[in-house]
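The structure appears right after this line, and notes come after that.
Each reported figure results from applying straightforward, stated rules to the coordinates on display, with no laboratory input. Everything numeric in this text was worked out from a predicted model, so none of it was measured. All Cβ positions, even for glycine, are placed from backbone atoms using ideal geometry, and neighbour counts span all protein chains on display.
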Amino acid sequence: MNEILTQEKSIYIQIREMIENDILRDILLEEERVPSTNELAKLYAINPATAAKGVNLLVDEGILYKKRGIGMFVAKGAKRQITEKRKKNFYEDYVKSLLAEAKSLGISRQELVEMIRQDGDR
């Protein structure tokens, strides 16, 4: 969790994404305790309520769960769940618009696949 907060999006969203990234990179493992909202607030010099808002999004999604009096922990299957969500978002955010732009430029799917293959060979 050594990333830097930016002005591009809400801080609580960035907190959620940083925790997700740490889970995807195996920095935070399933059943492992995550930093508390106070620890996150101190680390990033933000309001604890803002940190809590980001953490609670992950609780609502089933990525994290609370152990009363102990803290927040990474749920079983969290990495798989994050990966599936991000793959779906990748399709919605990038692939659909890529296909639409390719179509408007008269680029066939076959040509597009070849462009991707060529770039992969670099």
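Some notes on this structure:
- Calculated from the structure at hand, Rg and Dmax of the Cα atoms in Å is found among (1) 14.1, 46; (2) 18.5, 60; (3) 13.1, 38 as (2).
- By the count of neighbouring beta-carbon atoms within 10 Å, fewest first, Ile19, Ile46 end up ordered Ile46, Ile19.
- What the phi angles of the stretch 79-90 give under the Karplus curve with 6.51, -1.76 and 1.60, with θ = phi - 60°, is a coupling list of 4, 4, 5, 5, 4, 4, 4, 6, 5, 4, 5, 4 Hz, glycine and proline written as x.
- Among Gly71, Gly106, Gly54, the largest mean-square fluctuation in a Gaussian network model of the chain, built with springs joining Cα atoms closer than 10 Å, belongs to Gly106.
- Gyration tensor verdict on the stretch 79-120 (Cα atoms; rounded if a/c is under 1.5, prolate if a/b is larger than b/c, oblate otherwise): oblate
- The calculated FRET efficiency for the pair Asp93 and Ile27, based on their C-beta separation and a Förster distance of 25 Å, comes to about 0.55.
- In summary, the aspartates and glutamates within cross-link reach of Lys103, defined as a Cα separation below 12 angstrom excluding same-chain residues under 8 places away, comprise Glu111.
- Qualifying lysines (Cα of each under 29 Å from Cα of Lys66; at least 8 residues distant if same chain): Lys9, Lys42, Lys53, Lys76, Lys79, Lys85, Lys87, Lys88
- Placing +1 on each Lys and Arg Cβ and -1 on each Asp and Glu Cβ, with no other charges, gives the stretch 3-53 a dipole about its Cα centre of roughly 320 debye.
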